[in-house]
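Comments concern the structure below.
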Amino acid sequence: MDSRLTVAKRELAGLRAEKTILLAIGIQLFIAAFSSFLVVGLVSMYDPGALDGAEVEVAGAGDAVADLERAADEVTGASVTRYESASDARAAFDRNAADAVVVATRDDRGGITASVTAPDATVETTVIVVQLRDLLRTYERTERESRSSWLSEQPLPLPDRTGTSPYFTFTYTILIPVLVFLPVFISGSLVVDSITEEIDEGTLELLRVAPVTIGEILDGKALAAVAIAPGQALLWLLLLEANGTSVANVGTILALMTALTTLVVAVAAGIAAVAPDRRAAQFLYSIAVLVLFGGATAMAGGPTNAVARLAIDSADLATTITVAVYALLAAVAYLGVRRFVTENGISG
Amino acid sequence: MRTRLKRVLRVARWEASRASGGVDRRTVLAAVALLAIAGTVVGAGVAAGVVGLDVDRDVYRVGVDADSSYADAVEGEPALTLVPAERATLGTNADLVVHDRGAMEGVVVRATDTSKGEAAAAEFREAVEAHNERLMYAELNRTAAFPLTVTLQYASPSGPSGDDPTVGDDPTVGDDPTGDRGTGEGDVDGVDEPTSDGSMDEPTSGDGVDDRDEGAGDDEDASLGGDVDDTSADADGEESGLASDGGADGEDEDDGGFAVPSIGGEAFGAGTVGSPGSITPPFPFASLVLAFVFLVPMNFLVQAYGSSVLSERTKRRGEPLLVTPLSPVDIVAGKTLPYVAVAVAVTALIAVVVGGGPVSVLAILPVAAAFLAATFVGAVFARSFKELTFVTVAVSVLLTSYAFVPAIFTNVTPVALISPLTLVVFDLQGEAVSLGEFLFSTGPTAIAAVLLFGLGLGVYREEDLFTQKPVSRKFLDALAVRLYAVGEGVRRPPGLAARLPDRIRGLAAVAFLTACTIPFVFVAELLAVAVLFALPVTVSIPVLLVTIAFIEEVAKSLHLYAGFEREVFARTDRVALAVGLASGIGFFLAEKATAVVQAVGLTELYVGRAAFGSVAGVAGLSPLVLAALFFAPLVVHGVTTALTAVGASRNRTYYAVALALATLLHAAYNFGVLGIHG
């Protein structure tokens, strides 16, 4: 055990000397910052009311325009101005007095036809179309209610609209999983580098002369790589906590991410042991991680979803089983790779 | 010139022959095998129905009576999980409890008094809306279910013909068969024959639109998958690096494919007909995903490039190369050329596959150059492969975000054009790109790439390449190389004895180097804004002002410190003041120049937007005040940089103290300006 700790300590000392761990943390900070930047943009597109100043001015015309105006009263961020004729409304649109034109006419069969003109491919198109959809859906709902006696099944009454932060779901389902899993990949990459570098420079041969077995060297390197991962994740969770985002089940989340780190480190060590050089090893590692992680995320109940449910405090038996399965998988994978390396050595 | 080109090409050939041996056939086979396994597993998953990229599955727990109609609404929404009402306790195993009072009384929900409860309530409302849509589709009486038939068309305000120069011909109608077909159906069913009495067999607007959506989505998915497979298959043959990217995309594509809500292009087609719920905003989702495909190969390319540059150094193979009559520029250009060629080839290939044009390839080229340049600097500075890995990851993440994130806002704000990827999205949407937009978008990235190569070339010499200096010291070396001597008794290049031109040359070099930092200062400040904007305004604004002041002060003085440390400048107060002022002036001029370019660029592109707004604010002031406002930054930059220069001429501690003082001074000025404008 002692020699393993020595190897691990040496690995960590090397990292400390190069200060690259700071860079790794910097990258994570960057991703976190940019993700929040990103979500604000996305939200501003799909929920323009969430941002100030997104007021869409609609030029209305046609014989059903009065109902449209009533619907507009219920929708924040949209207002309808009535024009005498469709061409007047279109003229207002052409001189930029209105963002869009809606001509609502009753047809002779009791329905309403709304002919909508939105600006073509300008920067505001998305925002305007989203607002128009809101407006027209409200309009549709009121019209539907007045025809409800003809429906065989009534639409369910909607609960009241409540205020919510659009960032809430994003924070738990995207941001926290990303922050938790990023250290996992960094640790794996570190192991690949650490092993291939020793092979390249011939220092592994020297280590073999020392009274340690190849398995112990592997243990030490893996230990160092796995040890630095939960600390980084914990740092993020604490930072989020300080920022007002409460994260539940921190211990379980860290257990899951440590298991995943062990799994990825095992894969990385296995690849580094068989690949001919660093370039090939890093290349294979990137692909393997992509395949593993992409595949696991795509499956129902993948690690990303498990972390989200743990963090948001909606965990149940299924998430606990997920954690246990990954822990078991990690142990099997690591022991398998260790056994392979002990028997076959590191080819280099 | 021709001999030089020959020399560069010789190095390029040598590099290409070496690099192709780096990844052998076995590795490629292993990679392909991995991808094949992944494809099989995901494919089987799709077939079995267990694959789904809903990361928000079951995050909110809703207590509802299993007999209630609302239970169906909850079941239909993946993010909600149903808890039977009799077992649900608010706060412990449910975030929301639904009390169904029947059709007349409505519905009452009780949520926990947390943000989670609010989010769950909002999610529930959306689930009910979606459920109602589904109910209505099953109705026989179409007019009662969908009383409103919407025809959506797009037109530019100047007239239906559309002579707006930035907008090309209507993008998707012509070349998208699914979109066309769908629109046609919609026209026939929805408008010309609106059904009134709900006859069963008459196709209706709702159905028509629904079919169209599904059809389009499926087709697009399938074609994506097919395209990507092609890429990887083609790529395997020629270049190992390519195989990975094709495969990687395949993964991404597969994952993303299921979540594609709508294919942006279709919504642009004229005359979309349907109920209000079927309106899709023209969000360029597919184009964005495809644009991302262009970025993925870069990450693999820089890995190979960084490895090649660093192994040159660790194995000291570059040493004999430096003794040859080849100049460092020749060597670096030659070493980089094959990678640029690969980047262009891959980009062109992807462009052909996903349907991009020459604009896409030209727009990606500066991005590739920036990737390579940043990796080059990292590889020249790094001491070990471990360090290089972090550098490569940092470069990939930074540049990918820089290129990708603004492109998301392609149809939302003109700021999106700061990323060249936005041009690709435009190109894929079939919109024309004007020359001004193109230059505005690719210029900064290209300049940054050139500057980074220049920085790295500065230390592409024996004493730096083959020594284990810390990154910070190499960085100072790289800066000092670009300076010329100022002052008595310092190293000066031979043949430049005349004193006056010498000094001017030295100061001009200082100012020029300062001006070169502007793009990086800009990016750093953007980053600071992105990081800090989450904080409350009372905290974020002061912190932001100090941070920006600090970034600018560092940019103006770091090379001065390098100059004093490497003894390019004499350590006297006179020299310090001179170089400080020169640096301040250089920064001022560059800042004004970029401000003018930005203002011109933005007003040109989007008449009457941001630029006009800022001008309007100062319209009421007298010319004297305006002039003072214009030149005040010059005074500030001059004073603060002179201060830091004097500090830098002493030693590191003095430099740090002077830097802190200058930052505070600068921040105080920023506060003052904010007060005047605000």
**Message:** Return the residues of segment A:332-344 that are among the aliphatic types (A, V, I, L, M), open to solvent by less than 70 Å² (accessible area, probe 1.4 Å) and under 18 Å from A:Ala288 (Cα atoms); say none if nothing qualifies.
**Reply:** A:Ala333, A:Val337
**Asked** Looking at this structure, is B:Val415 modelled with pLDDT under 80 and at the interface with chain A (Cβ under 7 Å from one of its Cβ atoms)?
**Response** no
**Request:** Starting from segment B:64-76, take each residue that is in contact (Cβ under 8 Å) with a residue 24 or more places away in the chain and over 13 Å from A:Pro159 (Cβ atoms) and list its partners that are in a helix (DSSP H, G or I) and open to solvent by 70 Å² or more (accessible area, probe 1.4 Å), counting only C-beta distances under 8 angstrom and pairs at least six apart or across chains.
**Result:** B:Gly76/B:Arg134
**Fill in**
By residue number, the members of segment B:418-450 that are modelled with pLDDT of 80 or more, touching a Pro at 6+ places or on another chain (Cβ under 7 Å) and of a type in the set (A, V, I, L, M) are B:Val425, B:Ala446, B:Ile447, B:Ala448, B:Ala449
**Request:** Note down all Cβ pairs under 7 Å where the first residue falls in segment B:424-446 and is away from chain A (no Cβ under 14 Å) and assigned to a helix (DSSP H, G or I), the second is open to solvent by 30 Å² or more (accessible area, probe 1.4 Å) and among the small types (Gly, Ala, Ser), and they're at least six residues apart or on different chains.
**Result:** B:Ala446/B:Ala369
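Please work out if A:Val212 is touching a Leu at 6+ places or on another chain (Cβ under 6 Å), in contact (Cβ under 8 Å) with a residue 12 or more places away in the chain and in the same structural domain as A:Ile25 (by TED's automatic domain parsing).
No.
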**Asked** How many residues does segment B:30-66 hold that are modelled with pLDDT under 70, more than 7 Å from chain A (Cβ to nearest Cβ) and surrounded by 19 or more Cβ atoms within 10 Å (Cβ to Cβ)?
**Response** 0
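Quick grid of which residues meet (1) of a type in the set (D, E, K, R); (2) crowded, with 22+ Cβ neighbours inside 10 Å:
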| position | (1), (2) |
| --- | --- |
| B:Ile541 | no, no |
| B:Leu544 | no, no |
| B:Ile548 | no, no |
| B:Glu553 | yes, yes |
| B:Gly563 | no, yes |
| B:Ala570 | no, no |
| B:Ala578 | no, no |
| B:Ser583 | no, yes |
**Residue list for segment B:108-149, restricted to those being facing chain A (nearest Cβ under 7 Å), of a type in the set (Gly, Ala, Ser) and free of Cβ contacts under 8 Å to residues at least 12 places away in the same chain** = B:Ser115, B:Ala122
**Prompt:** Which one of these does B:Arg383 not meet: (1) assigned to a helix (DSSP H, G or I); (2) surrounded by fewer than 23 Cβ atoms within 10 Å (Cβ to Cβ); (3) within 13 Å of another protein chain (Cβ to nearest Cβ)?
**Reply:** (1)
**Message:** Between A:Arg137, A:Arg141, which is at pLDDT 80 or above and either more than 7 Å from chain B (Cβ to nearest Cβ) or surrounded by 22 or more Cβ atoms within 10 Å (Cβ to Cβ) (or both)?
**Reply:** A:Arg141
**Asked** Does B:Phe390 meet the test of being within 14 Å of chain A (Cβ to nearest Cβ) and over 20 Å from the mean Cα position of the chain (by Cα)?
**Response** no
**Prompt:** Which condition number does A:Ile287 fail, the rest of (1) open to solvent by 30 Å² or more (accessible area, probe 1.4 Å); (2) at the interface with another protein chain (Cβ under 8 Å from one of its Cβ atoms) being met?
**Reply:** (1)
**Message:** Being within 30 Å of B:Val107 (Cα to Cα) and either away from every other protein chain (no Cβ under 12 Å) or not β-branched (Val, Ile, Thr) (or both): is that true of A:Phe181 here?
**Reply:** no
**Request:** Enumerate the helices (runs of 4 or more DSSP H) found wholly within segment B:506-616, keeping only those where 2 or more residues are at pLDDT 85 or above.
**Result:** B:537-565, B:573-605
**Message:** Considering only residues that are at pLDDT 85 or above and at the interface with chain A (Cβ under 9 Å from one of its Cβ atoms), which ones fall in segment B:93-107?
**Reply:** B:Asp95, B:Val98
**Request:** Would you please list the contacts, defined by Cβ atoms under 9 Å and residues six or more apart or on different chains, that run from a residue in segment A:328-348 that is more than 21 Å from A:Ala255 (Cα to Cα) to a residue that is open to solvent by less than 50 Å² (accessible area, probe 1.4 Å) and of a type in the set (D, E, K, R)?
**Result:** A:Arg338/A:Asp219; A:Ile346/A:Glu198; A:Gly348/A:Glu198; A:Gly348/A:Asp277
**Request:** Please tell me if A:Ala300 is crowded, with 16+ Cβ neighbours inside 10 Å, modelled with pLDDT of 85 or more and within 14 Å of chain B (Cβ to nearest Cβ).
**Result:** no
**Prompt:** Here are some residues: A:Arg339, A:Arg309. Which one is at negative phi, more than 21 Å from the chain's Cα centre (by Cα) and either charged (D, E, K, R) or not in a helix (DSSP H, G or I) (or both)?
**Reply:** A:Arg339
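The values are calculated or read from the model by the stated rules, or taken from the named source; none is laboratory data. Note that this is a predicted model, so its numbers are computed, not measured. Cβ coordinates were reconstructed from backbone atoms using ideal geometry, including for glycine residues, and neighbour counts include every protein chain displayed. Note: areas computed on protein heavy atoms with side chains; ligands, DNA, RNA excluded. Shrake-Rupley method; radii C 1.70, N 1.55, O 1.52, S 1.80 Å.
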